[in-house]
Amino acid sequence: MDAAEHHPPLETYDVNAISADGAQRSGPQLAIIVPTFNERDNIAELIGRLRVCLDHRSWEVVFVDDDSPDGTAAVVREQAAADSRVRCLRRIGRRGLSSACVEGMLATTAPYVAVMDADMQHDERLLPQMLDVLQNSDADIVVGSRYAPGGDIGDWDARRARMSRMAIRLSRVLVPADLTDPMSGFFMLRRAVLEDCMRHLSTIGFKILADVFASAPQPLRFKELAYSFRLRRAGVSKLDSVTAWDYVMLLLDKMVGRYIPVRFLAFSIVGTMGVAVHFAVLTLVFKGFHRGFVAGQATATLCAMTFNFAVNNVLTYRDMRLRGMGWLKGWATFVLACGIGGFSNLGVASTIYGLGRGWFPAAIAGIVVGAVWNYAVTMMLTWGRPRR
Ligand SMILES: Nc1nc2c(ncn2[C@@H]2O[C@H](COP(=O)(O)OP(=O)(O)OP(=O)(O)O)[C@@H](O)[C@H]2O)c(=O)[nH]1
Ligand SMILES: [Mg+2]
């Protein structure tokens, strides 16, 4: 049977007629991006609250889930089946709040985009007000602030409040001084702001707002709306001690990232710690247990490599952390790559030393070549090919 008998030729479709058809739903005005990791018990409640507070507005909510083991994505899909304003973006083998927010923002066509947490700590009743501000003023971004007059940080203990204040002070190199809550995870911006800064975003860690301010080519016009930070409704916090490391990496990336990849910096910092591990193990085996130097050096090298691999896996490659069998395979490729790196270090250093350039520059040259080799090869071989 001839297919042309049943299907009209392509040119007979009138694309304009289709989009002008009143039956077609137009795109949303506002998208709320919600990064999620193990938040299944908060999804229905949050959608319910959005329905109430955004009543007559045109909106959608995009949950960006990093393959949560608790099945958050399945709960979102269930909700999406009943309401097309609910969307689910699922990322596999990736972690990271900032990068999830950015990918969610890029996945919507809405001209206004908000970011908020799933755990009800952000006051959703601020959303209509935020939208009104953007639609009726020249502000580029509206920030929900816990530190503006009228806002508060809720039930934080003294330690967390102190850490937050310290992070705000540190952020002053990235964001304007009069932004009272640069660590806020609750804000709404115009799509144009995102278009302007998206290629410069670091997307490291938790602090997406500071990243946006620091990446915008022009100073952003902002307004702040005060709100009270509430208690997490269900589930557990994902904030941990590594969040502080991520934050320092974000600051470093913004300061020197255009010259040196921040992952390389992190890799080098871990490598330096590995040298300390090496000497500690060598001293123990050689001096403490009175084994031969070669045995001590070999044990120390293996321990230092294992240390470097484990710490890099948790810090430098936190967003693509290896676990289980992946961890073992990663360790094997890391040891192999760094073993070869050790030889290239030795080769370069002895060649330069042989040229009569002195032992110190020769050693430094060997270390630099070895470090760059280790970084480049393990980046591809051990952790796959990261974006940055
Ligand atoms: N997609 C994605 N979302 C994340 C990740 N880490 C955290 N989130 C989500 O980001 C939001 C903020 O995380 P929280 O753990 O609530 O962090 P917090 O609000 O600073 O800390 P608490 O006050 O202790 O709740 C929540 O909706 C989390 O589910 C991640 O790696 N990937
Ligand atoms: Mg929270």
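The values are calculated or read from the model by the stated rules, or taken from the named source; none is laboratory data. It should be emphasised that the depicted structure is a prediction, and the values quoted were computed from it without experimental measurement. The accessibility values were calculated without ligands, DNA or RNA, using every heavy atom of the protein model including side chains. Shrake-Rupley method; radii C 1.70, N 1.55, O 1.52, S 1.80 Å.
Note that segment 172-258 presents 45 Å² accessible area per residue, ligands and nucleic acids not counted, probe 1.4 Å. Regarding the chain, what whole-number volume in Å³ per residue does the convex hull of its Cα atoms give? Hull volume over Cα atoms, normalised by residue count, gives 241 Å³. Protein heavy-atom surface of the chain, 1.4 angstrom probe: 61% of the accessible area is carbon and sulfur, with nucleic acids and ligands not counted.
Note on V277: accessible area is roughly 40 Å² with a 1.4 Å probe, heavy atoms of protein only. When the residues M183, M198 are ordered by accessible surface, computed with a 1.4 Å probe over the protein chains alone, the sequence from largest down reads M198, M183.
Ordered from highest to lowest accessible area with the whole protein assembly present and a 1.4 Å probe, E78, E39, E103 read as E78, E103, E39.
Checking understanding here: applying a Kyte-Doolittle mean of at least -1.0 and a length along the axis of at least 27 Å (C-alpha), which whole DSSP H helices in the chain pass?
The qualifying helices are 262-282, 293-314, 325-354, 359-381.
Per residue, the solvent-accessible area of segment 118-166 (1.4 Å probe, heavy atoms of protein chains only, all protein chains present) comes to 47 Å². Translational diffusion of segment 35-189, estimated by Stokes-Einstein from the Kirkwood radius over alpha carbon pairs at 20 °C in a medium of 1.002 mPa s, is 128 µm² per second. The order of V275, V236 by accessible area, most exposed first and with a 1.4 Å probe, is V236, V275.
Once backbone amide H atoms are built at 1.01 Å from N, F186 has G144 as its partners under 5 Å, excluding neighbours fewer than 5 places away on the same chain. In straight-distance terms, cross-link reach from K238 covers every one of the lysines whose alpha-carbon lies under 29 Å from its own, apart from those fewer than eight places away in the same chain; here that gives K207, K223, K254, K329.
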